[in-house]
Each structure stands twice: as structure tokens, then as C-alpha cells.
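For reference, the structure is listed below as C-alpha cells.
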Amino acid sequence: MTTPPGTLVNSAAARMVGRTPLVELAAIGAGLPHRILAKCEFLNPAGSVKDRIGHHIIRRAEEEHLLLPGKSTLVEATAGNTGVALACAAAGRYRVIVTMSSKMGPDKEAMMRAWGAEVVRCPYDVPPESAESFINTARRIAEETPHSYYVDQFANPWNREAHELTTGPEILEQTGGEVAAFVAGAGTGGTITGVARALTAAGSPARVVLADPAGSILADRLRGGHEPGHGYAIEGIGGDFVPDLLDLGLVDDACEVSDAESVAMCLRLQTEEGLWVGGSSGTAVAAALRLAVTLPGPRSNIVVMLPDGGSRYSSTLFNPSWRTQRGFVSEDPAR
């Protein structure tokens, strides 16, 4: 269909989304049986993998006439990155209201506000069904706000579609189809499910491995367990419920990674590879390194997602005081 002038598809930021580099982690991966290739999603225009879904969902909603430029309000529950991505994509077109739990650090909130989004903080230590949870608060705000569109990234199929149409095919193209495994965390499940579907559709034999923070229930549910979760520091991945979009039937295995290991890996990525990335990247790379040791077969590529950059964790992961308060006392990432 013809896109009206001034809608999202014509913005400069929209034309910059995706086609992110795939780079080998040659220093961290030295001596391993397989190459570790990192998908650098922090190089998207607003700095995270969520740029893909922010722009794609708004574009699809515009195509379906679900948004009225200059009148509609986008409402979403976010760990931060989707809120930043939506605020970037909606700039000058739509009002954006996001809800975010108190667990998340201040840096992403500051970024969202800088883009013009309104941020509502919600308590972290409440069950998913609580009216005070960040998801249910977003739903309530959407119901109460005229001309609102509730993005609903945890269940919106356009989230998964964005990765099935772009991220997965990019990985196949950049590796020439030589992918032994794909490793990623899951927040909404859109990335890992969308990429897994693309790999399956292409006939790839790649194993799909979930990198899950210790304390999340997702790895346990993949294995058929029913253990309760507990709190953890890493933002944006894992959780205390299985999102609608997360198709565990497409995931071959899971690797649980502690907060301490994730933080240490972030510091190693910074000092050994020169990559300033967030905690979920540390989780995923730690899982990929473990997998590289055990994965059978000839030398091949393990592709790992680096979802966002480290600047939005300046007050947390990359703050020595924050690390010391939580027992992450080693300043030497090699120890």
C-alpha cells in the first residue's frame, strides 16, 4: 500500500534500523573449538535490538490504520529499551507513555524522557497478576487514554515478525548459512523465537540456546520444571512468567548464568574486545563460551546477540559502587 507522507517509514532513523555488523570475538573466544560471532544490535539508531520492533510495530500499525498521526498515544510496558525505541520511532508523530519497574536503572529512563516519552515507575517485587505490575499498569493506562494503542510487546506477533523478517535472514546472509548455534536471552521472546523461525524456514541445523539469568524461570520451564524464580540484577531478559511470544518448542537448550558471571563478562567485553555493552550481552556471551566447549561437530559459528550498549548502565553495571554493594567486587574482569 502507499505510505502517507510523514509516516514512520520515511524517517531517517527507520532507514538505519538493522543490517548491524556480525563480528568475531577473537580475543574472548581464542582457543575455543568454535568461532563466537556477535550481532552488534547496540549499533541501531536508538541503541538496541528493540529498534527493530519499535519501528516495525509502528509501521505495521500505521498500515492497519491503528494509529492517527498527531493524535494517537502509544502505551507500553518496558524494561527500558523498547520504550527508548518507541520514543525514537514515534518522535514528532505520537505521544508515548511507558511503564517500567523500579528494578531498572535510571539511565534508560533518562533516555526515554529525552526522546519525549512519559515514564511511569511501578513496583518490582509484585506478582505478574498484580494490578500494580508494570504490564497491568500499562494496560490500565491504555484503557483510560483516548486514541491509545497498547503495543503489548510480550504478545504482539509483529514483535516476532520483525526478527523473522530481518534479524534471522541477516544472520544467515552474514554467515553464509554456516551457523552451528544461536544464543540469545529472552525478555519478550520475540528475538529468539523470530530468529529460530527464520533458521528453521531456511533449513538451518543450528541449535537455538536460551541464555537465562539465574533467578529467571524460563530455563526451568524449558526443562519442564515448576520451580519459583527469584530476583536477579540483569535487566531486560528472563522473568517470572513465560511470555506468549516465547515458543519454547523452538529452543533446544538453556544455559543459566549468574549475575556475577554476566557482570564479569561485560567487563571482559569492554577491556578485551573494546565493546561497551549491557548486562544481557554479558549473559549471552557467557552462555556462548560454555556452549563452544561442549558443542560437537567441526569448527563452525556460534552467533550470539549483543542487545544493547553499556551507556544505559553507567549508573549500575559500570558503576564500581553499584558492583561492590552487590558483591561484584573484582575490578579485574579476567579473575
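Miscellaneous remarks
- Of the residues making up region 208-241, those that are charged (D, E, K, R) and in contact with a Gly (Cβ under 9 Å, 6 or more places away or on another chain) are 212, 220, 235, 240.
- Qualifying residue in region 166-180 (condition: assigned to a strand (DSSP E or B) and surrounded by fewer than 23 Cβ atoms within 10 Å (Cβ to Cβ)): no
- Number of positions in region 228-267 that are within 15 Å of residue 322 (Cα to Cα), under 18 Å from the mean Cα position of the chain (by Cα) and not aromatic (Phe, Trp, Tyr): 7
- Counting only helices (runs of 4 or more DSSP H) that sit completely within region 51-164, those holding 1 or more residues that are assigned by TED's automatic domain parsing to the domain that holds residue 241, in contact with a His (Cβ under 9 Å, 6 or more places away or on another chain) and surrounded by fewer than 24 Cβ atoms within 10 Å (Cβ to Cβ) correspond to 157-162.
- Taking the criterion of being assigned to a loop (DSSP other than H, G, I, E, B), farther than 17 Å from residue 174 by Cα and in contact (Cβ under 8 Å) with a residue 60 or more places away in the chain, the residues of region 27-48 that qualify are 27, 28, 29, 32, 33, 46, 47.
- Residue 186 being in a loop (DSSP other than H, G, I, E, B), hydrophobic (A, V, I, L, M, F, W, C), assigned by TED's automatic domain parsing to the domain that holds residue 24 and in contact with a strand residue (DSSP E or B) (Cβ under 9 Å, 6 or more places away or on another chain): yes
- Test: residue in region 158-181 that is farther than 21 Å from residue 279 by Cβ, among the aromatic types (Phe, Trp, Tyr) and at pLDDT 95 or above: yes
- Residue count for region 281-311 satisfying the condition of being more than 19 Å from residue 264 (Cβ to Cβ) and crowded, with 24+ Cβ neighbours inside 10 Å: 2.
- Every residue from region 120-142 that is modelled with pLDDT of 95 or more and either within 23 Å of residue 56 (Cα to Cα) or touching a Gly at 6+ places or on another chain (Cβ under 7 Å) (or both): 138, 139, 141, 142
- When residue 258 is tested against (1) of a type in the set (S, T, N, Q); (2) more than 17 Å from residue 213 (Cα to Cα); (3) touching a strand residue (DSSP E or B) at 6+ places or on another chain (Cβ under 6 Å), exactly one condition is not met: (2).
The values are calculated or read from the model by the stated rules, or taken from the named source; none is laboratory data. Not measured: the values here are computed from a predicted model. Cβ atoms come from the backbone with ideal geometry, glycine included; neighbour counts cover every protein chain shown.
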